[in-house]
Amino acid sequence: MRLFSVAELLALPVRMHGIQLGRPVDVLLDGRGERVVGLELVCGDGARRFLPFAVAVLRPDEIAVESALMLLDERDLAYYRARTRSLGDARLADPRIDEHGLVHGTRTAA
């Protein structure tokens, strides 16, 4: 099982059949901070969109999707932002994410 650091994950382009659609700028987690719900993206048109993690395929050089229709618009992004939390808020030391969206890391004291 491959584990991706946050820096690695945020550096990967989101592509559909080799065409770059955008780049992740944030990782959104479930309420317990244990699983990735989705990624916030900045797309080529400058819009921010939500990519549900369940439809993404993590590869060493990209985050692949089968259709651009999987990228949800800013209204949907706002919905998910209100119901999830940013990975940065999870207070994890050196968090890693596996291809299934499970977050691995040690909680920091705070």
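The values are calculated or read from the model by the stated rules, or taken from the named source; none is laboratory data. What you see is a predicted model; the values in this text were computed from it and never measured. Note: ideal-geometry Cβ built from the backbone for every residue, glycine included; neighbour counts use all protein chains shown.
Across the range 77-109, which residue is surrounded by the fewest Cβ atoms within 10 Å (Cβ to Cβ) among those that are among the hydrophobic types (A, V, I, L, M, F, W, C) and within 25 Å of I19 (Cβ to Cβ)? Before the answer, list the steps.
Going residue by residue through the range 77-109, those that are among the hydrophobic types (A, V, I, L, M, F, W, C) are 77-78, 82, 87, 90, 92-93, 97, 102-103, 109.
From the residues that got through so far, the ones that are within 25 Å of I19 (Cβ to Cβ) too are 77, 97.
Working: L77: 21, I97: 24.
It comes out as L77.
For V42, are the conditions met, namely being without any contact (Cβ under 8 Å) to a residue 40 or more places away in the chain, touching a strand residue (DSSP E or B) at 6+ places or on another chain (Cβ under 9 Å) and part of a strand (DSSP E or B)? If you could, list the steps in order and put the result at the bottom.
Working: without any contact (Cβ under 8 Å) to a residue 40 or more places away in the chain: yes; touching a strand residue (DSSP E or B) at 6+ places or on another chain (Cβ under 9 Å): yes; part of a strand (DSSP E or B): yes.
Taking the combined requirement at face value, the residue satisfies it.
Looking only at the range 45-64, which residues are part of a helix (DSSP H, G or I) and aliphatic (A, V, I, L, M)?
Just the residues of the range 45-64 that are part of a helix (DSSP H, G or I), to begin with: 53-55.
Across the range 45-64, the qualifying residues are A54, V55.
Taking the condition surrounded by 14 or more Cβ atoms within 10 Å (Cβ to Cβ) and touching a residue at least 24 places away in the same chain (Cβ under 8 Å), does P13 pass? Please lay out each step first, then the result.
Details: surrounded by 14 or more Cβ atoms within 10 Å (Cβ to Cβ): yes; touching a residue at least 24 places away in the same chain (Cβ under 8 Å): yes.
It is true that P13 is surrounded by 14 or more Cβ atoms within 10 Å (Cβ to Cβ) and touching a residue at least 24 places away in the same chain (Cβ under 8 Å).
Search the range 72-83 for residues that are closer than 16 Å to G46 by Cβ and pair each with any residue that is among the charged types (D, E, K, R) and modelled with pLDDT under 95 when their beta-carbon atoms are under 6 Å apart and the residues are at least 6 apart or on different chains.
Listed pairs, sorted by first residue: none to list.
Which one of E74, E62 is surrounded by fewer than 18 Cβ atoms within 10 Å (Cβ to Cβ) and either hydrophobic (A, V, I, L, M, F, W, C) or within 17 Å of E8 (Cβ to Cβ) (or both)?
Numbers: E74 fails: either hydrophobic (A, V, I, L, M, F, W, C) or within 17 Å of E8 (Cβ to Cβ) (or both).
Result: E62 is the single residue among E74, E62 that is surrounded by fewer than 18 Cβ atoms within 10 Å (Cβ to Cβ) and either hydrophobic (A, V, I, L, M, F, W, C) or within 17 Å of E8 (Cβ to Cβ) (or both).
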